[in-house]
Amino acid sequence: IAEQGLFLPLDLGARGSCTIGGNIATNAGGINVIRYGMTRSLVMGLEVVLADGVILTSMNKMLKNNSGFDLKQLFIGTEGALGIVTRAVLKLQPQSSTKNTALAALNSFAAVHIFLNHLKATVGASLSAFEMMEGDYFKTVTESGWHRAPMDRNSPYYILFECDGSDPQRDNDRFAEVVEDAFEKGYIQDAVIPKSENEREALWGIRDDFEAILQPKPVY
């Protein structure tokens with residue numbers, strides 16, 4: 001779908017191994033949920049096989065459709081208990097031309113809410129990801145032998161956030177201005193903005209690759 005300039009906005013740490021059917025069965029949220037919603041909001045139609053072999057087909061392709069019962073909603077998020085998803089019609093989005101990412105350190109949980117409201121008021125609908133990591137998690141996954149720490153490891157909270165846009169001449173500058181404004185107002189204590197795609201992927205690796213926290217035993 002990239003060749004048509006489109007993408008499926010559902011994105012999560014299990015990318016590459018998860019399946020569309022599994023995402024629908026669990027109503028996966030993913031990292032872009034703040035802008036595009038849960039999987040439920042991306043599903044337009046479904047085909048499901050019931051336990052007795054009956055095939056229920058509701059392959060709707062229209063966004064505005066209020067005819068009859070919306071039966072697909074019964075199967076999204078029920079983990080296959082009512083039926084197995086075999087086909088789906090999904091809502092795609094145009095690919096953005098800009099993507100700005102930053103990792104910020106915060107000194108309290110209250111600051112997390114304040115910072116989120118700051119981003120909603122400044123970058124608005126372009127905010128696509130807002131992922132919170134507690135300090136203990138961040139410190140563990142950036143221990144020696146795991147991920148390189150891009151900033152001080154002693155803050156109680158870290159936010160990895162991202163904005164998608166369509167104005168390359170303006171979006172980058174605006175993003176930097178918003179981050180700087182949050183720092184000057186004391187909403188965040190520090191921030192790192194990646195300068196390349198490799199640096200951006202390294203930041204997301206800290207959020208996605210959590211194997212380090214599974215090392216101490218026992219694990220619950």
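Starting from the Cα of E184, step 7 Å toward the Cβ, then list every residue of region 95-118 with an amide N under 17 Å from that point.
The answer is 118.
How about region 31-77: which trypsin sites (Lys or Arg not before Pro) there lie in a loop by DSSP and see at most 16 other Cβ atoms within 10 Å?
Here the sparse-neighbourhood loop sites are K61, K64.
Could you work out how far apart the two model spin labels at L8 and N27 are, taking each label as a point 7 Å from the Cα in the direction of the beta carbon, and quote it in nm?
Inter-label distance under the simple model: 1.9 nm.
Mind giving me the nanometre distance, one decimal, between the label points for E177 and F69, set 7 Å out from Cα along Cα→Cβ?
The modelled label-to-label distance comes out at 5.3 nm.
Projecting each Cα onto the charge dipole of region 155-220 (Lys/Arg +1, Asp/Glu -1 at the beta carbon, about the Cα centre), which of A191, A176, Y220 comes out farthest on the positive side?
The residue sitting farthest along the positive end of the dipole is Y220.
Starting from the alpha-carbon convex hull of region 5-47, give the projected area averaged over all orientations, in nm².
On the way: hull surface 13.8 nm².
Across all orientations, region 5-47 yields a mean hull projection of 3.4 nm².
If I stretch the segment between M151 and V89 completely, what's the gain in nm (0.36 nm per residue apart, minus their alpha carbon distance), one decimal? Intermediate values should be presented prior to the final figure.
Values: separation 62, 0.36 × 62 = 22.32 nm, distance 4.21 nm.
Result for the pair: 18.1 nm of gain on full extension.
Can you tell me the accessible area per residue over region 120-178, all protein chains present, probe 1.4 angstrom, in square angstrom?
Result: 52 Å² of accessible area for each residue.
Can you pull out the GluC sites (Glu not before Pro) in region 1-109 that DSSP calls coil and that have at most 15 other Cβ atoms within 10 Å?
Taking region 1-109 and a limit of 15 other Cβ atoms within 10 Å, the loop GluC sites (Glu not before Pro) found are E79.
When the dipole is taken about the Cα centre of the chain, and only Lys, Arg (+1) and Asp, Glu (-1) are charged at their Cβ, what size is it in debye, to the nearest 20?
600 debye
When you count, for each residue, the other Cβ atoms within 10 Å and take the mean per peptide, how do 100-113, 16-29, 139-152 rank with the highest first?
Highest mean packing first, the order is 100-113, 16-29, 139-152.
From the Cα gyration tensor of region 1-109, with a ≥ b ≥ c the square roots of its eigenvalues, which class applies: rounded if a/c is under 1.5, or else prolate if a/b is larger than b/c, or else oblate?
prolate
Going through region 167-215, which trypsin sites (Lys or Arg not before Pro) have at most 10 other Cβ atoms within 10 Å and a DSSP loop state?
Answer in residue order: K195.
Using the beta-carbon distance between S108 and A51 and R0 = 30 Å, what value does 1/(1 + (r/R0)^6) give for FRET efficiency, to the nearest 0.05? Provide the component values of the computation, followed by the final result.
Details: r = 49 Å, r/R0 = 1.65.
Working from the Cβ atoms, E equals 0.05.
Between S97 and V219, what FRET efficiency follows from the Cβ-Cβ distance if R0 is 41 Å, with the result rounded to 0.05?
On the way: r = 42 Å, r/R0 = 1.02.
Computed FRET efficiency for S97 and V219: 0.45.
Taking a cut-off of 29 Å between Cα atoms, list the lysines near K72, but don't count ones fewer than 8 places away on the same chain.
Leaving aside lysines fewer than 8 places away in the same chain, those within reach of K72 are K61, K64, K91.
Rounded, prolate or oblate for region 88-171? Axes are the square roots of the Cα gyration tensor eigenvalues, ordered a ≥ b ≥ c, and the cut-off for rounded is a/c under 1.5.
Verdict is prolate for region 88-171.
The values are calculated or read from the model by the stated rules, or taken from the named source; none is laboratory data. Small disclaimer: the values here were computed from a predicted structure and weren't measured. For neighbour counting, all protein chains shown are included, and Cβ atoms are generated from backbone atoms with ideal geometry for every residue, glycine included. Areas reflect the complete protein model, heavy atoms only, side chains present, ligands, DNA and RNA absent. Shrake-Rupley method; radii C 1.70, N 1.55, O 1.52, S 1.80 Å.
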